[in-house]
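The values are calculated or read from the model by the stated rules, or taken from the named source; none is laboratory data. Here the structure is a predicted model, which is why all the values come from computation and not from measurement. Because the Cβ atoms are built from the backbone with ideal geometry, glycine has one as well, and the counts that use them run over all protein chains shown. Side chains are part of the model used for accessible areas, which takes the heavy atoms of the whole protein and leaves out ligands, DNA and RNA. Shrake-Rupley method; radii C 1.70, N 1.55, O 1.52, S 1.80 Å.
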Amino acid sequence: MYDIIMKKRGGGRLSREEIRFFVEGYTKGEIPDYQASALMMAIYFQKMTEEETAELTMAMAESGDMLDLSGIHGIKVDKHSTGGVGDKTSLALGPMAAACGIPVAKMSGRGLGHTGGTIDKLESFPGFTTALTKEQFIDNVNRVGIAIMGQTADLAPADKKLYALRDVTATVDNMSLIASSIMSKKLAAGADAIVLDVKTGSGAFMKEEQDAWALAEEMVKIGKNAGRRTAAVISDMDQPLGCAVGNALEVREAIETLKGNGPEDFLELCLTLGSRMLVAGEAAETLGQAEEMLRTVIRDGSALRKLAEFVEAQGGDGDVVYNPERLQTASIVRPILAPASGYVDHILCDEIGMCSLILGGGRETKDSAIDLSVGLVLCKKTGDPVRAGEPLAYLHANDEKKAQMAEQRFLNAYSIKEAPPEKKKFIRGIIDQSFEHIHRA
Ligand code: URA
């Protein structure tokens, strides 16, 4: 291990054997944290080549269970988002893709910090569980067309250990390490094709757009090297996605979207990612045809019915899909009023996530309990005109003190100016697997 650290520290390229030696030894506990963190720091400064990154990804993916989804009929397409505020995409897109005939077999996580996790949101449906056995998971996908389960303890355990180590040794934000960490879990989760949603902006992991592009390229290359069809969409996270932020509130917005009443940006994202999923899964030949299929399953109600079926199949109360007023509600619901007239110039997106966290809608540590009913529903987004005294958002809280703290923080996050800001595209670009179609918006 000493020689491996020395080699990387000097800028050398690690061989397949060296990377495998490290990943296997570290997973088994034979290599101590101090040597692993020295290597992570050496990689942080000296970087890794495309081959080293691919090797590290495969070694981490193979460090635990590789889920065998061959029991599911059809091409399995997974969707992954790098995370953001108000990101409820899986809740709407999962049923939409399933209603179009794509088998959706997804492993999801819980939220930590200001970005919520899909599993937390789904637990807003009374009785819903993601604790499925692998057999139930596969059976549900075959019967219903969609299943979502929690990440098993044995999915890419090397990444779990290394990510936790990087988190406390200031070595998270290296492009190769992030890309291999995300992709190792995707590859272990067994999908044939992967559509990535890489967020950029103040509420995203990648604040700068050029970093989001670099991460997207790196992940598409890894997917391609591993023989999986992979595409990446770069989307805006400079303000929350849609209007709702908070678990049950986001579920309600996803339901409204499946009824054809979704916010424009959220619908655009579902259609952009979804059409790539349908083409990758060979349910459609062209992107245009795929988009029409996705719009149809919203129009004819089959995507909404698919959501209800999916919720029921995982022990939840599917009737809530048709009667969303039965979702948990907060005791305090009140508007946050605009302090001035003008246009919303920008919103500090991660601060809006923090407001939801303060209200109790997120986790500060991995064991904290969360309040599913709280959060915010935005009425004004970037570029919108606003008059003083008009609601900027509605706050949903269960505690007056927390409500006041969140309101103050919310107002500090909104910037209102006299002139409208320059309009930016919501979808910043797309990379498809051949790299022939790098569309920059
Ligand atoms: N998400 C991950 O799963 N891994 C990283 O390294 C960063 C974000």
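A few points about this structure:
- Each peptide in 220-226, 372-378 gets a packing score, the mean of other Cβ atoms within 10 Å over its residues, and the list from highest to lowest is 372-378, 220-226.
- Residue-averaged [θ]222 nm for the chain, counting only DSSP H segments that reach four residues, each worth -39500 (n - 2.57): -14000 deg cm²/dmol
- Over segment 51-183, accessible surface divided per residue gives 32 Å², non-protein components excluded, 1.4 Å probe.
- Computed over segment 1-107, the quotient of the alpha carbon radius of gyration and 2.2 N^0.38 Å is 1.44.
- Descending principal axes extents, segment 216-293, alpha-carbon based, whole Å: 39, 27, 18
- Quarter the surface of the alpha carbon convex hull of segment 265-343 and you get the mean projected area, 8.9 square nanometres.
- Gaussian network model of the chain, springs between alpha carbon atoms under 10 Å - residue of 177, 304, 165 with greatest fluctuation: 165
- Rounded to whole Hz, the Karplus (6.51, -1.76, 1.60) HN-Hα couplings of segment 138-155, x for glycine and proline: 5, 5, 4, 5, 5, 7, 9, x, 7, 8, 10, 10, x, 5, 6, 4, 9, 8
- Among 352, 430, 182, the largest mean-square fluctuation in a Gaussian network model of the chain (Cα springs under 10 Å) belongs to 182.
- Taken over segment 155-228, lysine pairs spaced eight or more positions apart, or on distinct chains, with alpha carbons under 18 Å apart number 11.
- Dimensionless Rg ratio for segment 155-252, taking C-alpha atoms and the 2.2 N^0.38 Å reference: 1.16
- Highest-first arrangement of 255-266, 359-370, where packing means the average Cβ count within 10 Å: 255-266, 359-370
- Bridges between two residues of the chain, per DSSP, are antiparallel at a rate of about 60%.
- Protein accessible area in the chain, 1.4 Å probe - carbon and sulfur %: 50
- Per-peptide packing, taken as the mean over residues of other Cβ atoms within 10 Å, places 82-92, 395-405 in the sequence 82-92, 395-405 from highest down.
- Dimensions (Å) - segment 376-417, Cα atoms, principal axes, largest first: 31, 16, 16
- Under-30-angstrom lysine pairs by C-alpha in segment 1-81, whenever the two are 8 or more apart or on separate chains: 6
- Where Rh is the Kirkwood radius over Cα pairs, Rg/Rh for the chain: 0.97
- With protein chains left intact and a 1.4 Å probe, residues in segment 260-353 average 44 Å² of accessible area per residue.
- 15 Å beta-carbon shell around residue 81, net charge (K/R +1, D/E -1): +2
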